[in-house]
Amino acid sequence: MRARDRLSRHATGRTRTAKHTSELTRPGPTTAIAQPKRNPPSAPRGQPRAFAAAVAGAYARYLANQLSAGQLPGLTPQAMMMVRQSGRPPARLHVTEVRLTSLTGGGDSWTSHVAIVDAHGRQATTAQIVLTAASSRWMVLELVPPDPDRLIAPTPPALRPTGPPPARRAALEFTQSYLDYTYGHAIARQLRDLTPTLRAAIASNPPQVPAAIRALHPRIASLTLIPQHGAWLANANVTDGQDTYQVISLLHRLDGDWLAFALRSAG
């Protein structure tokens, strides 16, 4: 009996111990910590394109000396400093319009490119406006002004070397066909007024043209011919609506025809 009592008490103690352990290890109720509610950021009023167009219009009046820098809409201190440091372009350009040509980005950050147009309707140069969302409205974070070194300013007629008319025509034909090729609008065999050697050199390194570049339409804004050791150097100012740059070629007369035989770097 005593042995049985000891076994019974031992079993009972073991059960109680097991029960006590299970109570200690059983997870208690989870207490959820309330997170503070965050209000979603309010979207800026209006679309970025409309604001960029408004800034472009005001910037045109600033460049034409009809507005002060302080009257430009939505400038951050950084953008105001950029405008004041750059000043206005030469009065001879007679800026009449700043035209929005592209807008890229997303969310609260957008970049617009603008064309600065003179009184003759020609694009003289370009600028860039960076938009940002702040305090439920759009602001101009940066206004990158025109680069004065890249203004398309024609040389006065009395000082402009004209060159032989056939050489000028050949330079225009070659340059435009070369632009069509580099923007993905033509293939190498469609290049015009150039030597077979130059055609082969150009065709050996075909350009990889992104869709965004292919969508642009470059044109020759001005072309100057400069005599050089029996040949003519053709310096073409080119604009594609987003950028301006130079295409420089050398032409000589071969079997009675003027042909481009080399390309030169603008640098």
Residues (surrounded by fewer than 16 Cβ atoms within 10 Å (Cβ to Cβ), part of a strand (DSSP E or B) and not hydroxyl-bearing (Ser, Thr, Tyr)) located in the stretch 100-112: Gly105, Gly106
The residue that is nearest to Gly57 (Cα to Cα), considering only those in the stretch 87-99 that are modelled with pLDDT under 85 and open to solvent by less than 40 Å² (accessible area, probe 1.4 Å), is Val95
So the check is Cβ under 9 Å with 6+ separation or different chains; which pairs have a first residue in the stretch 127-140 that's closer than 11 Å to Thr76 by Cα and a second one that's hydroxyl-bearing (Ser, Thr, Tyr) and open to solvent by less than 30 Å² (accessible area, probe 1.4 Å)? Val130/Ser112; Leu131/Ser112; Thr132/Thr76; Ala134/Thr76; Met139/Thr76; Val140/Thr76
Output the qualifying pairs, or none if there are none: Cβ atoms under 9 angstrom, residues six or more apart or on different chains, first residue in the stretch 65-88 and free of Cβ contacts under 8 Å to residues at least 24 places away in the same chain and part of a helix (DSSP H, G or I), second residue among the small types (Gly, Ala, Ser) and open to solvent by less than 50 Å² (accessible area, probe 1.4 Å). Gln71/Ala58; Met80/Ala69; Arg84/Ala69
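Residue-by-condition table, conditions (1) within 23 Å of Ser112 (Cα to Cα); (2) surrounded by 17 or more Cβ atoms within 10 Å (Cβ to Cβ); (3) not polar (S, T, N, Q):
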position	(1), (2), (3)
Thr197	no, no, no
Pro207	no, no, yes
Pro218	yes, yes, yes
Ala234	no, yes, yes
Filter result for Gly28 (in a loop (DSSP other than H, G, I, E, B), at negative phi, open to solvent by less than 80 Å² (accessible area, probe 1.4 Å) and at pLDDT below 85): yes
Restricting attention to the stretch 42-55, does a residue exist that is surrounded by 11 or more Cβ atoms within 10 Å (Cβ to Cβ), small (Gly, Ala, Ser), at pLDDT 50 or above and touching an Asp or Glu at 6+ places or on another chain (Cβ under 9 Å)? no
Per the list (1) out of contact with any strand residue (DSSP E or B) (no Cβ under 7 Å at 6 or more places or on another chain); (2) aliphatic (A, V, I, L, M); (3) open to solvent by less than 20 Å² (accessible area, probe 1.4 Å), residue check on Ile116 breaks on (1)
Please verify whether Tyr178 is within 30 Å of Pro146 (Cβ to Cβ), at pLDDT 95 or above, open to solvent by 20 Å² or more (accessible area, probe 1.4 Å) and not hydrophobic (A, V, I, L, M, F, W, C), treating the condition exactly as stated. yes
Out of (1) at pLDDT 90 or above; (2) among the hydroxyl-bearing types (Ser, Thr, Tyr); (3) under 30 Å from Arg99 (Cα atoms), what's the single condition that is false for Thr244? (1)
Looking at the stretch 244-260, which of the residues that are crowded, with 16+ Cβ neighbours inside 10 Å and in contact (Cβ under 8 Å) with a residue 24 or more places away in the chain is farthest from the chain's Cα centre (by Cα)? Trp258
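Select from the stretch 161-212 the residues that are among the hydroxyl-bearing types (Ser, Thr, Tyr) and under 30 Å from the mean Cα position of the chain (by Cα) and list them in ascending order.
Selection gives Thr175, Ser177, Tyr178, Tyr181, Thr182, Tyr183, Ser204.
The values are calculated or read from the model by the stated rules, or taken from the named source; none is laboratory data. Only a predicted model underlies this, so the values are computations on that prediction, with no experimental measurement involved. Ideal geometry is used to build each Cβ from the backbone, glycine not excepted, and the neighbour counts take in all protein chains shown. When the accessible area is computed, the model is the full protein with side chains, heavy atoms only, and any ligands, DNA or RNA have been set aside. Shrake-Rupley method; radii C 1.70, N 1.55, O 1.52, S 1.80 Å.
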